[in-house]
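What follows is a short report on a single structure.
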Amino acid sequence: MMLWRQFAMEWRLYSRDRVAMFWTLAFPVVLLLGFGTMFRDSGGPKLSVVRVLTPAPTARDAAFDQALTDQQLNVQLLSKAEAEARWSRGETAAQVEPSGDGYRLRLNSYLMAQGGAAAGLVNQAWLVAQARLSGGPEPLRIPVQVESPGHRRATNYVSFLLPGLLGLNLVSMGLFSVGMVNVSYREKGKFRRLAVTPLPKWIFLLGQVLHRLTLTILQAAILLLVGRLVFGIQNQGSFSLLLLVMALGTGCFMAFGFALCSFADTSEGYAAISNLVFLPLMLLSGVYFTLDSAPGWLQHTVALLPLAPFIRALRAVFNDGASLAGHGLGLGIVAAWGFAAFLLALRRFRWS
């Protein structure tokens, strides 16, 4: 009964903080809707190329434009003045412009990831256009098949993003909802007052854990419901496996929060410490994009961090209906980080 009252108290305190409720429950949905709406028809942003119009269009130009469209490129036909203005603002990754009897391709050195990929398709389109104009056979192209890594079904970017947001929510919950709250309690003297009350310390801490655990389930349910209703995506695997992976991640990142809060005496100090951990995890763990083009040493380093293998396991279950057979090492890394953080939290935890 005492544990239930503490659990209910945690929920009442949390429900009074409307800002925290927005960032915890509503903001992930905003991200999912925003990115999902922009990229819902593909596996990511469609590659674009600017094609500068020639003063007197020819059959060659028409054949080239058609070949560019056939390559699934987003072709923007602009006048020379419009194209140059866009280029000077840094908004163009790849630009095709007339040059002598042919064309030249300009790539933005700041946007080589998009421009380099577009350049390969532009050159393929040019070969196809030349073949069509000469009446010869078109160059043979390797067939392309789009499918998810587990071969279950083709997926889009929203399917890739949703498990990443689930993982990012758990990190945010552990570092900010758990860690920041406990630093605030210590800073305001609440822990000192609790230490002289009949309330057992384990009930106070377990009440926090249960509150965050139910909040995590609510977060996940809202994201899964929005994904199903708005984008037509759903869990392809076992819900029990999905909950198992989520529970492991919840324990790991809550332990992170308890451990990190022991290193700060003020909320301002904890904000710096938590962001030092949160930002690298968010940017490098595959939440929004993969690191397949990053240096090998960075990819190996990221694989040892807890969020990257956690998200890989989530995506395998959610997108491909996979088992956890091939993710034992990754989930072991998550468990090891969680256990180490828990031991550190126990060693350093203090009430004052």
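What follows is calculated from the coordinates using simple rules that are stated; it is not laboratory data. The structure presented is a predicted model; accordingly, all values stated were derived computationally and were not measured. Using ideal geometry, Cβ is built from the backbone for each residue, glycine included, and neighbour counts are taken over all protein chains shown.
A single entry from D61, D17, D70 fulfils the requirement of being acidic (D, E), surrounded by 12 or more Cβ atoms within 10 Å (Cβ to Cβ) and touching a residue at least 24 places away in the same chain (Cβ under 8 Å): D70.
For the stretch 317-339, a residue qualifies if it is of a type outside the set (A, V, I, L, M, F, W, C) and either within 21 Å of the chain's Cα centre (by Cα) or surrounded by 20 or more Cβ atoms within 10 Å (Cβ to Cβ) (or both), and the qualifying residues are N319, D320, G321, H327, G330, G338. Note on the stretch 195-204: among residues that are part of a helix (DSSP H, G or I) and loosely packed, with under 14 Cβ neighbours inside 10 Å, the one that is farthest from the chain's Cα centre (by Cα) is A195. Consider the stretch 205-222 and keep the residues that are surrounded by 15 or more Cβ atoms within 10 Å (Cβ to Cβ) and of a type in the set (G, A, S). The one that is farthest from E10 (Cα to Cα) is A220. If you check L127, L133, L105 for being aliphatic (A, V, I, L, M) and assigned to a strand (DSSP E or B), only one passes: L105.
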